[in-house]
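Worksheet: the structure to be examined is printed underneath.
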Amino acid sequence: MNQAIMKRIINNKWTYMLAVCLLIISACSDDIEDLKLDPAESKTALLSGTWALSSVVQTDEDAVRKGFPEFVLREDLTNLFPFTDLVLVIGADGSYSVTQGNSPDVIGSSSGSYTLDDQEFPSQINFQGGRTLDIATYNGLLEGILTLKLTRFQRNSEGEITNAFVSYEYKFEKQ
Amino acid sequence: MKRTLFILLISFLSLDSIGQLVKTSPAVFTAEDEVTFTIDATASSDDRLVGYTQDVWAWVFISDGCSANCDAPTNINPAGGEETEAAKMTRSEDNPDVYSITFVPTEFLGKDPGEIREIGFVLKSRDWGDGIQTQDFTVTVTPIEFVPSENRTFPSKFTQEDVVTLFLDKSFLTDDSSIKNLEDIYVYLFYDVVRAGGAFESDVAFVAWPEVGNTPSLNMTDRGDEVFSLTFIPNELLGLNQGDEITSIKYIFRSADGSQQSATYEAFPLSLN
C-alpha cells in the first residue's frame, strides 16, 4: 500500500466513524458477556442460596379483575403471621429444604428436590412434594431479592381453569 | 359422579342458609361467574312437573335489573330445537324431580353484568300448551361492583386453606347498633362442615359463646377510622381434619362479655376440589 492511499484512508471521515462503531460494539459486547449466564446453570445459580422470607402480600385477584377500589385489593400479611420465621434453602444440586418455624405453610413440603420449567429463563419453580410457585420477577434477583408468587384459580364445571381469585407474593432476602 | 354429588350436597346446604328455593353453587355469585342452579320440582307451589319423565327446559329471564329484552335467547316455545339445547335441564340420577343447569349468566342471557340483578326461572315441558310447568323461581345475583358495607371478607373469594380477613367498618353501623361504640371487639366464629366421612355438621362453634372474650385469637385489631379486622386461616384456626370441607363460615361481632353483638354474617369458601 503506497503512502497516498494510506493518507486517503486516514483522512476519510468514514474510516473514523467505522473505528468508533467498532469500539462501541467491542465495549458493549464485553458488557453483554458480563450479563450472559451459562445456560446450564444460569438462573439455577442465581436461585440457589439461603433465602429468608421478608414479606407476604395477598391480592384479591377477583377484585382486581372487577376494578374494585384500591383499598380492597391487597393486604400485607407480613406481620399478621410469623411468616419471617421461614427460611428456604435452594441448593445448586436441585434440592431444597424449608425451616418453617411458626410460619404458615408456604412451600407445601419441608424438603425434596425442585425443578425449573426453563433452565435459562424459568418462570416457575416446582418444589416436588410441595407447591409450584411462579418466579414473579427477575428484578432484584441479582441484588439478592427473590420474589415467588402463588396464584389460585377457580375451575368451571368441566374442571377447566378459569379466573384467578387470590394470589400471594412472597419476597425472600438472600442470607 | 362423586364430584357432582358433592356439588349438589353443597348446593342443598347453601339453600338452607340463604333461604332461596333455587340452590346455587357457588352459593354466592356474580353475573360473570359460572353457576350451577338446582331446582327441586316438589318445592314448587305449582306441582304439575312433579313426577314428569320427559325432557324439561328452563325458561330463564332477568327478573330485576333489566329494562328490555329480558328473556334468555333460549326462550323459544316449543322447545326442542338447537336454539333451546342450552336450556335443557339435567335430571338428577338420585331424584327425578330434581333438575340442574350450569351457565354463566352474562353469556346465557346475553346481557352486561350490571343488568342482571336477579334471575327468574320456570321449568317446563316442551310446549307451554302441555300445561306442565313449575312456579316462577328467582335467584339474587351479587352485584359486580364494589358495595361498601359494615362487614367484608378479604379476599372476596377464598378456600379454607387461604388467609381470610373479616372486616368490620363501624362507620356503616346505624347509631342504634349495640356495637357502634365498642372499642374492644371479638368475633364469635361458627361454621358448617362436611366431614371427611361425608357427615354434615351445622353451626360448629370454634369456641363456645362464653369463652370468646377469653380467646385472644378472636380479638379484632383496631385498624383506625372505625375499621376493625380479624385475620385467620380456617384450616389452621379451626383445627380441621384432613378431608373436612367447610361449606359456610358464620360470624358475629360482639363485646368481650357478649352482652352486645351484631347481626350474623356469612361467607362461603370455595370448594377445594
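The values are calculated or read from the model by the stated rules, or taken from the named source; none is laboratory data. A quick note: this is a predicted structure, and the numbers were derived from the prediction, not measured. Note that we place each Cβ from the backbone using ideal geometry, even for glycine, and neighbour counts take in every protein chain shown.
Here are the numbers for the structure shown:
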| read-out | value |
| --- | --- |
| Failed criterion for A:Leu133 (all others in (1) modelled with pLDDT of 95 or more; (2) of a type outside the set (D, E, K, R); (3) over 30 Å from B:Arg152 (Cβ atoms) hold) | (3) |
| Boolean, B:Phe154 is farther than 24 Å from B:Glu245 by Cα, within 14 Å of another protein chain (Cβ to nearest Cβ), within 18 Å of the chain's Cα centre (by Cα) and not charged (D, E, K, R) | no |
| Number of the exception - B:Arg117 against (1) over 30 Å from A:Leu77 (Cα atoms); (2) surrounded by fewer than 16 Cβ atoms within 10 Å (Cβ to Cβ); (3) in contact with an Asp or Glu (Cβ under 9 Å, 6 or more places away or on another chain) | (2) |
| Extreme residue, surrounded by the fewest Cβ atoms within 10 Å (Cβ to Cβ), among residues of the range A:143-175 that are under 22 Å from B:Phe158 (Cβ atoms) and of a type in the set (Asp, Glu) | A:Glu160 |
| Number of positions in the range A:143-162 that are more than 10 Å from chain B (Cβ to nearest Cβ), farther than 17 Å from A:Ile125 by Cβ and of a type in the set (Ser, Thr, Tyr) | 0 |
| Given (1) farther than 27 Å from B:Phe158 by Cα; (2) surrounded by 15 or more Cβ atoms within 10 Å (Cβ to Cβ), index of the condition A:Ala92 fails | (2) |
| Inter-residue pairs, beta-carbon under 6 Å, first surrounded by 15 or more Cβ atoms within 10 Å (Cβ to Cβ) and in the range B:53-81, second polar (S, T, N, Q) and modelled with pLDDT of 95 or more, 6+ apart | B:Trp57/B:Thr84; B:Trp59/B:Asn75; B:Thr74/B:Thr84; B:Ile76/B:Thr84 |
| One residue from B:Asp257, B:Asp192 being surrounded by fewer than 16 Cβ atoms within 10 Å (Cβ to Cβ), in contact (Cβ under 8 Å) with a residue 12 or more places away in the chain and within 30 Å of B:Thr174 (Cα to Cα) | B:Asp257 |
| Residue satisfying all of: in the range B:100-146; outside any strand (DSSP E or B) and among the aromatic types (Phe, Trp, Tyr); farthest from the other protein chains (Cβ to nearest Cβ) among these | B:Trp128 |
| Tabulated pairs, the range B:195-212, first assigned to a strand (DSSP E or B), second exposed (fewer than 13 other Cβ atoms within 10 Å of the Cβ), C-beta under 9 angstrom, 6+ apart or interchain | B:Ser202/B:Asp16 |
| Selection count, the range B:94-110, where residues are without any contact (Cβ under 8 Å) to a residue 60 or more places away in the chain and surrounded by fewer than 20 Cβ atoms within 10 Å (Cβ to Cβ) | 5 |
| Failed item in (1) within 12 Å of chain A (Cβ to nearest Cβ); (2) touching a residue at least 24 places away in the same chain (Cβ under 8 Å); (3) touching a Leu at 6+ places or on another chain (Cβ under 9 Å), with B:Ser217 passing the rest | (2) |
| Test result for B:Ser262, touching an Asp or Glu at 6+ places or on another chain (Cβ under 9 Å), touching a residue at least 12 places away in the same chain (Cβ under 8 Å), in a strand (DSSP E or B) and crowded, with 18+ Cβ neighbours inside 10 Å | yes |
| Filter result for B:Ser149 (surrounded by 19 or more Cβ atoms within 10 Å (Cβ to Cβ), at pLDDT below 95, over 30 Å from B:Gly51 (Cβ atoms) and within 14 Å of chain A (Cβ to nearest Cβ)) | no |
| Of all residues in the range A:46-62 being over 20 Å from A:Asp105 (Cβ atoms) and touching a Lys or Arg at 6+ places or on another chain (Cβ under 7 Å), the one that is nearest to the other protein chains (Cβ to nearest Cβ) | A:Asp62 |
| Selection status of B:Ser177, free of Cβ contacts under 8 Å to residues at least 12 places away in the same chain and either assigned to a strand (DSSP E or B) or touching a strand residue (DSSP E or B) at 6+ places or on another chain (Cβ under 9 Å) (or both) | no |
| Number of the exception - B:Glu85 against (1) touching a strand residue (DSSP E or B) at 6+ places or on another chain (Cβ under 7 Å); (2) modelled with pLDDT of 95 or more; (3) not in a loop (DSSP other than H, G, I, E, B) | (1) |
| Residue within the range A:110-131 that is within 14 Å of chain B (Cβ to nearest Cβ) and within 16 Å of the chain's Cα centre (by Cα) present | no |
| Any chance A:Asp85 is facing another protein chain (nearest Cβ under 10 Å) and modelled with pLDDT of 95 or more | no |
| Hey, B:Phe206 over 17 Å from B:Gln261 (Cβ atoms) and either surrounded by fewer than 13 Cβ atoms within 10 Å (Cβ to Cβ) or not hydroxyl-bearing (Ser, Thr, Tyr) (or both) or not | no |
| Which numbered condition A:Glu75 fails, given (1) touching a Pro at 6+ places or on another chain (Cβ under 6 Å); (2) facing chain B (nearest Cβ under 9 Å); (3) not hydrophobic (A, V, I, L, M, F, W, C) | (1) |
| All positions within the range B:66-99 that are within 14 Å of chain A (Cβ to nearest Cβ) and not polar (S, T, N, Q) | B:Ala86 |
